[in-house]
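To start, the structure itself, in structure tokens.
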Amino acid sequence: MAQAVTGHDKHGHGGHGHHDEHHEHEHESLKTFGFWMFLITDIILFGTLFATFIVLRFSTDGGPTAAEMFKMPGVIAETFILLTSSFTSGIAVLQMHRGNKKGLIGWLAVTAVLGLAFIYLEVSEFIELVHEGVTIGTSAYWSAFFTLVGTHGLHVSVGIVWMTALIIQLARRGITPVTQRKVNIISLYWHFLDVVWIFVLTIVYLMGVM
Amino acid sequence: MENHNSHSPSHDSHGSMKSYVIGFVLSIILTIIPIAIVMNDMLSKQLTIIVILIMAGLQFVVQLFFFMHLKDEAKPRYNTMALVFGLIILLTVVAGSIWIMSYNVVG
């Protein structure tokens, strides 16, 4: 992030190396805190979608219900793929702190590929539902379903694009305080998405089919 | 890479391979149990709901502590405070919506 570097150059001109480093560290940890703030707002976003879904859980308008439509094997596969990717993103962070750039990029790539597999399964599930005549307009239940699960899928998709961009940046610049903070943040984001999915699995799918 | 570790922020803890593996194993177990209970109809409906929600909650805690390293945050724990605040709003929105809409059941 070029502006971060020039930004801190303005504050301290040469000869204050240590001070600069300290300043930069403060700057990066402030940005991490900013990211936590984003996660909190995202929790609230998903909270409202979950609340809507729960309230509308019986509002199928006489149409197809969750128990009739859900195919659990695919959902279970999605769950374990995302769970594993949460773990591999953690391994990437671990490799970074060991100073292993190759390991870091490799594990981030594994995480992104697992994310892609998740999205592939989810999109196939949605396409199948639509082919069987269940769309976002079928009933209040399905509107809430597609909005909640789709918003999560969108988050994962954004995460994959972001991770790809970060991999390119890491390949070019290596492990610097700035890229380090970025890797920490994206791994937080990824763990967060895994947590959201666990609640989607529990509240939407498991409670839907029981 | 270069010696960047020397100025890696000290509060920025990253756990160890061991803590990641423990977290991963725990989260797999906490995922398999609810799936097994529901797919095999092992418990009564009410008990199932309670058990799988507890499992999901524990899974959240596992991710927070083993993967997101919340416990190792430097003081003052601003991130933790923000998270707690967010969870209070989350609970208010979800529980409040369910409660108020339970008076709106048609028929």
Within segment A:97-112, of all residues that are in a helix (DSSP H, G or I) and at the interface with another protein chain (Cβ under 8 Å from one of its Cβ atoms), the one surrounded by the fewest Cβ atoms within 10 Å (Cβ to Cβ) is A:101
Restricting attention to segment B:38-53, the residues that are more than 7 Å from chain A (Cβ to nearest Cβ), loosely packed, with under 14 Cβ neighbours inside 10 Å and in a helix (DSSP H, G or I) number exactly 3
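Got at least one residue in segment A:130-138 being in a helix (DSSP H, G or I) and touching a helix residue (DSSP H, G or I) at 6+ places or on another chain (Cβ under 8 Å)? Spell out the reasoning first.
To start, the set of residues in segment A:130-138 that are in a helix (DSSP H, G or I) comprises A:130-131.
Of the ones still in play, those that are also touching a helix residue (DSSP H, G or I) at 6+ places or on another chain (Cβ under 8 Å) are none.
Taking every residue of segment A:130-138 in turn, none turns out to be in a helix (DSSP H, G or I) and touching a helix residue (DSSP H, G or I) at 6+ places or on another chain (Cβ under 8 Å).
A short reminder: the numbers here are calculations on the coordinates, not readings from a lab. Because the structure is predicted, anything quoted here is derived from the model rather than measured. Note: ideal-geometry Cβ built from the backbone for every residue, glycine included; neighbour counts use all protein chains shown.
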